[in-house]
Amino acid sequence: MSYELTIEPLGQTVEIEDGQTILDAALRAGIYLPHACCHGLCATCKVQIVDGEVEHGEVSDFALMDFEREEQKCLACCATAESDLVIEAEIEEDPDARNLPVKDYRCVVTRIEDLTPTIKGIWLRPESGETVEFQAGQYINLELPDEIGHRAFSIANAPSTTGEIELNVRIVLGGQGTTYLHEELKEGDALTVSGPYGRFFVKKSAHVPVIFMAGGSGLSSPRSMILDLLDEGFDLPITLVYGQRNQEELYYHNEFLELAKQHKNFTYVPALSDEPADSSWQGYRGYVHDAAKEHFGNDFSGNKAYLCGPPRMIDSCISTLMQGRLFERDIYTEKFISAADAQQVRSPLFKSI
């Protein structure tokens, strides 16, 4: 059974299957609805029901209060249709968004590499031979076996790379999903991928210099975005400030050094926070936000900044950028939200992210 879902103010009508969430139906039709946690916890995807009935699903009483249900509001990430629906959502047009429809792909693992002692590179190719179309900075959901469920991973390669997608997966102590990917997944295995997801991409139409600040495996999205910009011949300054604990964990280091030699507008600033004092390291010692502050002389005005990494790193970077005269409208972040860290959906320094 299926119903019709009409999304205002766009006036677009799409099909929604029985048991399918409003958010999933919209994304698979190439219509972006604001969302974040996808667990019914953060309320980012709250919409108004104009006509029709829904099953609210498992939502937090704090994210959707009783009076809001009475006012015919619901959370698109959990609500399913019980009739034809008309909803009203706050949708902002973005000239840089490609609004690609979400699709499912059955993929084979073509390659697995140890990028660092804790991060593996995993390459996937659709069995159908088609290309996974995405915008640099977006992510996919990986369906894992043995009832582990799905996990989200940023795509690390450029969109111009055809045939395969690359994921960089850091093992999380006690994490079922990353433990499986590190210890059990083998070349030749098949996995189901859905995507692309996410609203994290370069605002190319602004045509201003860009700063990328990344930590750990948060390098994935910035790498894809930088490679994409260089592929397209972006001619304004591009700066990557990338932090790891030590040289052993610093990956794609030589690639970025080479890119900096090849492209005069690209600058690479690696920073190590826990490198032995007696090592051969000649680069910056410290954290990403401190390295960026020193490199830019604490003046970030006139740029747009894109941040990827652990929540504490992101918050430190936001604080440093704001102190250096770069403000909310020019700072963009990507965080993957789980039920365990739903309280960190928004930085306390931002009204919204």
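Bear in mind these aren't lab numbers, they're just calculated from the coordinates by the rules spelled out. In this text the structure is predicted, and so the values were computed from the model without any measurement. Cβ coordinates were reconstructed from backbone atoms using ideal geometry, including for glycine residues, and neighbour counts include every protein chain displayed.
Before moving on, here are some points about what is shown:
- The Rg/Rh ratio for the chain, using Cα coordinates for both the radius of gyration and the Kirkwood hydrodynamic radius, is 0.97.
- In order along the range 174-191, phi translates into HN-Hα couplings of x, x, 4, x, 6, 5, 4, 5, 7, 10, 10, 5, 10, 4, x, 5, 10, 9 Hz, rounded to whole numbers, per the Karplus curve 6.51 cos²θ - 1.76 cosθ + 1.60 with θ = phi - 60° and x for Gly and Pro.
- Annotation: Cα Rg of the range 169-241 relative to the compact-globule expectation 2.2 N^0.38 Å equals 1.45.
- Helix axis angle, 220-232 relative to the chain longest principal axis, alpha carbon, degrees: 80 degrees
- The ellipsoid that matches the Cα gyration tensor of the range 246-321 has semi-axes, each √(5λ) in whole angstrom, of 21, 18, 12, with the longest given first.
- Rule-of-thumb Rg ratio for the range 199-298 [Cα; 2.2 N^0.38 Å; N residues]: 1.07
- Per-residue Karplus couplings for the range 136-147, computed as 6.51 cos²θ - 1.76 cosθ + 1.60 with θ equal to phi - 60°, are listed in order as 3, x, 7, 9, 10, 9, 9, 7, 9, x, 6, 6 Hz, Gly and Pro entered as x.
- Qualifying GluC sites (Glu not before Pro) for the range 37-117 [loop in DSSP, other Cβ within 10 Å: at most 13]: 53, 58, 71, 82, 90, 92, 93
- Structure-based [θ]222 nm, the chain - -39500 (n - 2.57) summed over DSSP H runs of at least 4, per residue, nearest 500: -5500 deg cm²/dmol
- Fraction of the pair-distance distribution of the range 90-140 above 12 Å, Cα-Cα pairs, percent: 74 percent
- The chain: angle of helix 311-323 to the longest principal axis, Cα-based, in degrees nearest 10: 70 degrees
- The calculated pair-distance distribution of the range 70-109 uses every alpha carbon pair, bins of 10 angstrom beginning at 0, and gives 16, 35, 32, 15, 2 percent.
- Orientation-averaged projection of the range 135-213 equals 6.8 nm² [convex hull of Cα atoms, one quarter of hull surface area].
- Selection of trypsin sites (Lys or Arg not before Pro), the range 174-212, meeting DSSP coil and at most 11 other Cβ within 10 Å: 186
- Base-10 log of normalised Debye intensity for the range 72-208 (one unit scatterer per alpha-carbon) at q = 0.18 Å⁻¹: -1.07
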